[in-house]
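Please treat every number below as a calculation from the coordinates, not as lab data. Just so you know, these numbers come straight off a predicted model, no measurement behind them. Positions of Cβ are backbone-derived with ideal geometry, glycine not excepted, and every protein chain shown enters the neighbour counts.
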Amino acid sequence: MSNMERRDFLKLSAMTAATAAAQAKAGVERKAIHTDDHGIRWDKAPCRFCGTGCHVKVGVKDGKVIAIAGAEDADVNKGLLCVKGYHVGGILYGKDRLTTPMLRKEGKLEPISWDEAITVVADRIYKEPKKFAFYGSGQWTIPEGYAAQKFIKGGLSNNHIDPNARLCMASAVTGFISTYGVDEPAGTYDDLDNASVVIFWGNNPAEMHPVLFSRIVDRRSRGEKVTIIDIGTRRTRSTEFADHYLEFRPQTDLAIANCIAHYLIESDCYDKEFVSKHCNFRIDVDDTTRDLFGKASSFEEYKQQMSTYTFEYTSQLSGVPEEQLKVLAEAFADPESRITSLWCMGVNQHYRGTAMNRLLHGIHLLSGHFGKPGDAPTSLTGQPSACGTAREVGTLAHALPGGRIVKKPAHREACEKAWNMAPGTINPKPGYHTVKMFEQFCKPTAEGGDISTVLVQVTNPGQTLPNLYKLFEAKKDLEDKFLIVSEVYPTATTELADLVLPAALWVEKGGVYGNSERRTQQWFKQVNPPGGAREDLWMTIAIARKLFDMGYPGMKDQDGKFIFSYNDEQGNEVPIWDYDHFHDINVDRELYEEYRPLTHGKRKNVAPYDVLVNAHGLRWPVVQTKDGNWRETRFRFTEADDPFVKKGTGIQFYNSTTKDDKAQIWFCPYEAAPEEPNKEYPFWLCTGRVLEHWHSGTMTMRVDQLRKAMPKAYVELNPKDAAEKGINNGDLVQLTTARGDLVLPAWINGRARPPRGSVFVPFFDEKLLINRLTLDAYCPVSKEPDYKKCATKVEKYDPIEKKPLP
Amino acid sequence: MEDRSQPISRRGLFEALVRPFARHAGGDDGAGLAQGNPSRPADDGTPKVAIIQGRFCLAYQGGVCFTCSERCPVPDALTTEKGIPTVHADICTGCGICHDLCPAPRNAILMLAPPETPALARS
Ligand code: SF4
Ligand code: SF4
Ligand code: SF4
């Protein structure tokens, strides 16, 4: 596509986007809501599960969600849902919903009142505010995350807050920031409709982002040609649809990316104009330092460093045949191809996750496959609001809202001003990231374990942290450590909780989510939570208020007002901490609108709440045009579509870390995995999700159809390995790593096929906790653990003797 | 083919897989919602064969689903081509497992008398 064509295309896209926004604008009358002939009231909501962010229509009758349908007018999914999405209503009605707060007394959880529960929490925090940690989630709504952030970083001057997104998106964040100076993808899902080549880097969208996968494959049924290249460590359901499958030895994806760069330079077919106009080169400070910004490098140094990664060397290291590497490299070398790279946990949950993210951006920039429709390095998020709540609101231990960080005085100041808090309120030292937080919590106080209370909301660390014995279960014997868990069902986490708070779920509360493609999505509360279950947002505000009443100084702003003080239309303060008044005003809207200006600093301008009310989400930056409409952005940093790009620049990386509007192309070397198969533990162990279940299965295992379709965890084995060990389908197999062991049924030629010498186990099953075996080594820059590779022993298990067979 | 290098007992696997969990054991958690799965037709003892109704099947509708093909215990009775499932009536034993497990919002699998050999002729 010529430059001219590109501009036309983007202009056209922008026009359709603007029209959609215009329709969305017309006031706050709720357009999505209507009652049908059967007396079912229909309203909109984003799906509760994955980062795809499909939109559903929710049918309510007699106070109960009784029907779910895909929203046909939603751009993301155009009426389609995956099997989880169709059953999302069922998650509300499991028989064992938690409906009353419970405090552990003499080892047993006993019901207590909400007032007592909030007092217990406030007392713990009041006594040791610096030893308190808040563990949240990429499934938090934006207002929930924002309130938690303001409460702990502002109210308590304590930065020990981290979301489970640390375990899932942190490497993508560091990759984006060190490349573009700002987080989140430049492109959107629209690129999937235009790409001629789609590459899955360690990605299995058929199971993890099924609706996006359908969107790609559907193009083929319309007669369009789209080449799918799957690069992975096991054959998956996505591989069945791939034109090329490159199977690499775990960790060597780093070398494969470098091999492409090497080829582009050697054959002189990198995009010289793009590189000289828009890119700098960057490298780690030295051979051992791995930090976020590294140091400036040059094309010559880059070329020299890349010279190692010949086809021959890379093929030997990775096990991928040279011809296949050439196919991949040729795709990047072809200026006519439109390449969208997709990646998710395979690249992020990686001991060198930041490096791998940088390298993927790097080959797109080097080859000029960036900024044209279909040419995009697009990282997918796992969770429905990992982007919205964890990344944009910045609920990470080092971050502040809108892409700010606690280390920068100006960033702290901006937040202190927005919150009307005294200068110096926010602590400049980053708090504990997830692994460190739970390490300190599970370490005895006498040995320096300086986290004494953890409040967990909307996530299940007792099942999802790596190396569970060390990072979670060790808490059991520590009398003075106190675990508070807000949950909807009993989980592995509530099992060890000292206080359980029953929570409202999905449309039992209102919310705002932000999906993988920068789309901010709003919904209203549609049914009541069961029994005494209440909103996480209310819990945070009620705890803050209790501390305010106890005289905790941080809970007052500079004018002596409560930090969550909001007024009704008459200007009177509404006591939202009192649950009877929590719904008197739309607290979501108050918090979101307070947060929204904070997104402007780095040009992440999210849409106004009232505009979102009648939209199926809008992709930031969203700006108001002269005619009063709100316009979303499909491709950031390109003049034709991004309102913040200076006219005449073509492409402008306006958040550049080098302040010259350029992106950074990094060199990062291949470095070995932290634990590789050895004599005692000769297999690779990989873990992950399955189509039918969301994360730890807390919600989806309560849905009859989903549980029946995928009832229990298993270990996937290569048929040859199985034959060698005399293992048949359904036989029990014991896996043993340096951290723990687990017995599971074998599945050979099942859903996917691991290569010889490797096994795969899904993590959804709370009865079979594979994370007791996984490794807690993490990427030194992002602090995200590597769940995708560690070394394990594989033995056939004798169920009668209850031990591995010789 | 390398994948068939050893005998496969699918039935063995799924007997192990479907053993219920203590906590989650038991029937409908309300997940059926308005369009719950029609209950399985009474087993009247006549031979049956599985029929996939494309309009309810997630895979036919452009979605992703592999439950029936993964869980059918009879080799080659239910195969997929580009993700779309097909029952081979001559091999299907009519065991009904695919019907019981189909997770589509409206169960997409009917258990009917085999078309080519009416129940009458068999009895
Ligand atoms: S789980 Fe993901 S792909 Fe499936 S319906 Fe929900 S958002 Fe869409
Ligand atoms: S299990 Fe049901 S929905 Fe899934 S592919 Fe088979 S028939 Fe279709
Ligand atoms: S009825 Fe039984 S044999 Fe026939 S397709 Fe279904 S699962 Fe297979």
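Loop-located GluC sites (Glu not before Pro) in the range A:568-618 (DSSP state other than H, G, I, E, B) with a sparse environment of at most 11 neighbouring Cβ atoms within 10 Å: A:GLU569. Taking other Cβ atoms within 10 Å as a rough exposure proxy, A:ARG739, A:ARG707 sort from fewest to most as A:ARG739, A:ARG707.
What order do you get for A:ILE283, A:ILE216 when you list them from fewest to most C-beta neighbours inside 10 Å?
Values: A:ILE283 19, A:ILE216 24.
Fewest-to-most ranking of A:ILE283, A:ILE216: A:ILE283, A:ILE216.
Express in nm, to one decimal, how much length is gained between A:THR625 and A:LYS429 on full extension, taking 0.36 nm for each residue of separation and deducting their alpha carbon distance. Don't skip to the answer; put the middle values down first.
Values: separation 196, 0.36 × 196 = 70.56 nm, distance 3.98 nm.
Additional length available on full extension: 66.6 nm.
Below 17 Å, Cα to Cα, which aspartates and glutamates can A:LYS793 reach? Residues fewer than 8 away in the same chain don't count. Within the straight-line limit of under 17 Å, A:LYS793 reaches these aspartates and glutamates: A:GLU675, A:GLU676, A:GLU680, A:GLU716, A:ASP721, A:GLU724, A:ASP731, A:ASP741.
With 43 Å as the cut-off, how large is the P(r) tail for the protein assembly as shown, expressed as percent of Cα-Cα pairs?
Details: 130118 of 431056 pairs.
Value for the protein assembly as shown (Cα pairs over 43 Å): 30 percent.
Label zone of A:LYS561 (point 7 Å out along Cα→Cβ, amide N under 15 Å): in the range A:403-434 this covers A:417-422. Remark: the range A:262-407 carries a charge dipole of roughly 800 debye about the Cα centre, counting +1 on each Lys and Arg Cβ and -1 on each Asp and Glu Cβ. Considering only A:ASN204, A:VAL285, A:ALA492, and ranking their Cα positions along the charge dipole of the protein assembly as shown that arises from unit charges at the beta-carbon of Lys, Arg, Asp and Glu, the one farthest toward the positive end is A:ALA492. For the range A:107-153, the number of Lys pairs with C-alpha atoms closer than 20 Å, counting only pairs eight or more positions apart or on separate chains, is 6.
If you count the DSSP beta bridges with both ends in the protein assembly as shown, what percent of them are antiparallel, to the nearest 5? Write down the numbers at each step before the final one.
Working: 61 of 109 bridges.
Approximately 55 percent, going by the DSSP bridge assignments.
With both labels modelled 7 Å from their Cα along Cα-to-Cβ, the B:LEU112 to A:GLN316 distance reads 6.2 nm.
Calculate the dipole size of the protein assembly as shown relative to its Cα centre from +1 charges on Lys and Arg beta carbons and -1 charges on Asp and Glu beta carbons; express the result in debye to the nearest 20. Walk me through the numbers on the way to the answer.
Numbers: 115 positive and 119 negative charges, 60 e Å.
Charge dipole of the protein assembly as shown: 280 debye, to the nearest 20.
In summary, the helical segments of chain A meeting the span-like criteria, namely a full DSSP H run, a Cα extent along the axis of 30 angstrom or more and a mean Kyte-Doolittle hydropathy of at least -1.0, are A:3-25. What's the local net charge at A:PHE667, with K and R +1, D and E -1, over the other residues with C-beta under 10 Å away? After counting each charged neighbour, the total is +1.
As a proxy for reagent exposure, ranking A:PHE293, A:PHE132 by other Cβ atoms within 10 Å from fewest up yields A:PHE293, A:PHE132.
Taking the centroid of alpha carbons for each part, the range A:466-541 and the range A:389-461 are 18 Å apart. Projecting the Cα atoms of A:PRO677, A:HIS600, A:SER171 onto the charge dipole of the protein assembly as shown (Cβ charges, centred on the Cα centre) puts A:HIS600 farthest toward the positive pole. For A:ARG518, what charge total do you get from the other residues with a beta carbon under 9 Å from its beta carbon, if Lys and Arg give +1 and Asp and Glu give -1? Within the 9 Å Cβ shell, the charges total 0. Excluding A:LYS481 itself, calculate the net charge of residues whose Cβ lies under 14 Å from the Cβ of A:LYS481, where each Lys or Arg counts +1 and each Asp or Glu counts -1. Around A:LYS481, the charge tally is -2.
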